[in-house]
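Let me begin by presenting the structure, written as structure tokens, before commenting on it.
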Number of protein chains: 2
Amino acid sequence: MVRQANAPSRASTSPSSSSAHSITDVAALASVSIATVSRVLSGKRQKDDDIARRVRQAAEQLNYSVNVAASSLRGAGTRTVGLVIPSATDEFAAQLLDALESAADDRDSQVLLGVGGTKALQTARVESLISRNVDGLIVLPATGADLTPILERHAGRIPIVQIGNGRRSRNYSQVSLDELLAMEQIVDHLASLGAKTVAYMAGRKVSFESAEQFSMLHTQLRSFGLETKAAWNQFGDQTVQRGYDCAMRIFAQDKPDAVICCDDKVALGVIVALHSLGLRAPEDVMLVGQNNAPLCETASPSITTLRPPFEQIAEESLRLIAQGPNYPSEVSLTSQLIVRESTVGTATTRQITAR
Amino acid sequence: MVRQANAPSRASTSPSSSSAHSITDVAALASVSIATVSRVLSGKRQKDDDIARRVRQAAEQLNYSVNVAASSLRGAGTRTVGLVIPSATDEFAAQLLDALESAADDRDSQVLLGVGGTKALQTARVESLISRNVDGLIVLPATGADLTPILERHAGRIPIVQIGNGRRSRNYSQVSLDELLAMEQIVDHLASLGAKTVAYMAGRKVSFESAEQFSMLHTQLRSFGLETKAAWNQFGDQTVQRGYDCAMRIFAQDKPDAVICCDDKVALGVIVALHSLGLRAPEDVMLVGQNNAPLCETASPSITTLRPPFEQIAEESLRLIAQGPNYPSEVSLTSQLIVRESTVGTATTRQITAR
DNA sequence: TTGTAGGCGTTATCAC
DNA sequence: GTGATAACGCCTACAA
């Protein structure tokens, strides 16, 4: 797109010279000292005179780029952040990953990855990333994994950001989602559409997040005057099957006005169940998911969901890392309600959906 | 898990000393020269005598680990491989990522990530990863993106592996999937279960892979004596909605014995459609997906799918990278058929499904 | 403003 | 087999 491969614009497209050039070569070609090259290329020089131009052109011509290893050896950062996630197949992790990579690229640093689904594996990944001298570490702990021991051990040396509402130490930063506000948005939305009774399919019982969400939901239901039933509030896996099973059981004898799911996959299972029961969303039941999985948009009907602000999470994490290890802080962000057909039907969808 | 945070086993658990120790400290503590430390720790030494033990213990005690920046500056590789993917929310990319990270960790190197959904973005990521001196580059091109220009420019300097069946150059390696064998497995499986007529929901028309799969399918159908119809063979998106729409259209007037989908999301859409049409899988229609998305296992019925050998892909890619840039080769791997309820029903599932 | 020189932590090359 | 020492490429006081 940028360059034609076979456009011999000059001799510049030479794949010839064996190893990469160093700052010395650039200095020689521009007839200046390596110090000057360093200053020009790192922007620590005001004027844009002939020298600066010569240096830049020489660098361009030699296809030169700074050797990060040498640079970071000297003292500056590695322009590298570590990210530890349970798995890339986790929808939340995947979206976070995409957002973080993009944000990191903007500050021209890069993402070094660690994947581990258990406390032991994640701990090992944290160790190896830190031994790589990453400038900072962003950790999305696996469900139920308490990484405070290992993170605390390193919190003083390197900035660490934990994503999510799990247990954390006061020694490192945390970026989390405001569950109360999240639930308020959902319940408000449902109430404004006339819902009176609400079922809730929660996440795994052991999870800190599940418990918090569950509590916040009931706070909001009370505050908006909506009702629920014990039998409609159960913990379970975040799978399509679970949503299907739950919905089949509930709708066999009851009919809540709305169903809130802890995850979009669950919501999709509910949709399948509704299909086979001859019920429709949103006419018969309104449905809300969470996490903005790609399948939400393409489901039929498309699923109203709560989208975590991945870009913000990424930006804030990098900002906290840039602050260094001595200012641990706690940031709480707000998810955005993406309104789709499963609560408002086909007609009004496009108008309401923001973004 | 490995260590108790608050077990004062000695003074060793000291989070005190400000910056990390260097090889000099280890040498001093072990009363040997830094050269010896280097040799012992890098395994370039035969004997396991007292000296070796002393060095290792000193390293352990100081919580020392080699500085990768310095190490790679001196000449050895960076023990880092670059991975470029279109997005982590792509199921294939996510599973590849997980497998690669694990395989890389086994050879104690790490994955530096580049995410980009367009040719331009991917090109930029390739550039920055290479300027980071990665030991090798693994690229999963975005759909329809031909990265040969940029990859070719660097193929001589650094080993490059392209994943997938897209266009490539003879100057770098490729790891791809054997589509013919894949289709043979699927069609064989369906034929052995008595299917006579088969519908196929292909991928995007522009995609090289789609075209190849389409061709291979027809080869295999012919070879097994199965039949299809032009109206049952259409290109389209890899979305749940697409599967739903396609199925509704087809089953409105026809009833093939089996449906093969280019992706599990599409298959899921088909399941939803079947539900609402009152049809069942596999009794009324057999259904096969591709890519082993997590939702396959938890769908109802669970979906028979073709699982790309992610671990093998990762291993082969790293092996090719280890060989260096001068031996570009082409490796073709075989997907594995994961048999689930959507073709064989509930009874026999567990017996047949291999791992 | 520019150049010179020293040092970051390692590994490779020499002498011993 | 071991130890001193010279690179590796870069940045940054310090001197000019």
Expressed as a percent, the accessible surface of chain B that is carbon or sulfur, using a 1.4 Å probe and the full set of protein chains, is 49
Inter-copy distances for B:Arg157, label 7 Å out on the Cα-Cβ vector, sorted ascending, nm, one decimal, are 3.2
Here, B:Arg319 and B:Arg74, labelled 7 Å along Cα→Cβ, have an inter-label distance in nm of 3.1
Taking the label point 7 Å from Cα along the Cα-Cβ vector, the copy-to-copy distances for A:Ala231, listed from shortest in nm with one decimal, are 4.5
The protein assembly as shown: antiparallel bridges as % of DSSP beta bridges, rounded to 5, reads 10
Descending accessible area (1.4 Å probe), largest on the left, turns A:Lys229, A:Lys265 into A:Lys229, A:Lys265
For the protein assembly as shown, using Cα atoms only, the Rg and Dmax in Å read 27.9, 85
Highest mean packing first, using Cβ neighbours within 10 angstrom, the peptides A:70-76, B:247-253, A:215-221, A:43-49 sort as A:215-221, B:247-253, A:70-76, A:43-49
With the label set 7 Å along Cα→Cβ, B:Ser329 is separated from its counterparts in the other copies, in nm and shortest first, by 5.4
Amide H neighbours of B:Leu306 at under 5 Å, excluding residues fewer than 5 places away on the same chain, with H built from the backbone geometry, are B:Gly289, B:Gln290, B:Asn291, B:Asn292, B:Ile338
For B:Lys119, counting only aspartates and glutamates whose alpha-carbon sits under 20 Å away and dropping same-chain residues fewer than eight positions off, the answer is A:Asp98, A:Glu101, A:Asp105, A:Asp106, A:Asp108, B:Asp90, B:Glu91, B:Glu127, B:Asp146, B:Glu152, B:Glu209, B:Asp237
Reported to the nearest 10 Å², A:Phe214 has, with a 1.4 Å probe, an accessible area equal to 50
Placing each pseudo-label 7 Å from Cα in the direction of the beta carbon, A:Asp188 and B:Arg170 end up separated by a distance in nanometres of 6.5
Extension length gain for B:Thr197 and B:Ala28 (0.36 nm per residue less Cα distance), in nm, is 53.2 nm
If one builds a Gaussian network model of chain B from Cα atoms under 10 Å apart, the most fluctuating residue listed among B:His21, B:His154, B:His275 is B:His21
Ranking A:Ser38, A:Thr24, A:Val55 by how far each Cα lies towards the positive end of the charge dipole of region A:23-66 (+1 on Lys and Arg Cβ, -1 on Asp and Glu Cβ), the top one is A:Ser38
Rounded to the nearest 0.05, FRET efficiency between A:Lys44 and A:Ala20 (Cβ-Cβ, R0 30 Å) equals 0.85
Dimensionless Rg/Rh of region B:23-66, both radii on Cα and Rh by Kirkwood, sits at 0.90
The FRET efficiency for B:Ser65 and A:Lys205, from their Cβ-Cβ distance with R0 = 45 Å and rounded to 0.05, is 0.70
Taking R0 as 35 Å and r as the Cβ-Cβ distance between A:Arg157 and A:Thr219, the FRET efficiency 1/(1 + (r/R0)^6), rounded to the nearest 0.05, comes to 0.35
Subtracting the Cα-Cα distance of B:Asp108 and B:Asn326 from 0.36 nm times their residue separation yields 76.2 nm
The alpha-carbon center of region A:25-71 and that of region B:72-89 are separated, in whole Å, by 25
log10 I(q)/I(0) for chain A, Debye formula on C-alpha points only (no solvent), q = 0.07, 0.10, 0.12 Å⁻¹, two decimals, reads -0.43, -0.73, -0.91
For region B:276-340 the trypsin sites (Lys or Arg not before Pro) that pass both the DSSP coil test and the at-most-15 other-Cβ-within-10 Å test are B:Arg280
Of the residues A:Thr89, A:Trp232, A:Ser342, the Cα lying farthest along the dipole of chain A towards its positive end, which is defined by charges on the beta carbon of Lys, Arg, Asp and Glu, belongs to A:Thr89
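The values are calculated or read from the model by the stated rules, or taken from the named source; none is laboratory data. Keep in mind that what you see is a predicted model, and the values were worked out from it rather than measured. Using ideal geometry, Cβ is built from the backbone for each residue, glycine included, and neighbour counts are taken over all protein chains shown. Please note that ligands, DNA and RNA were not included when accessible areas were found on the heavy atoms of the full protein model with its side chains. Shrake-Rupley method; radii C 1.70, N 1.55, O 1.52, S 1.80 Å.
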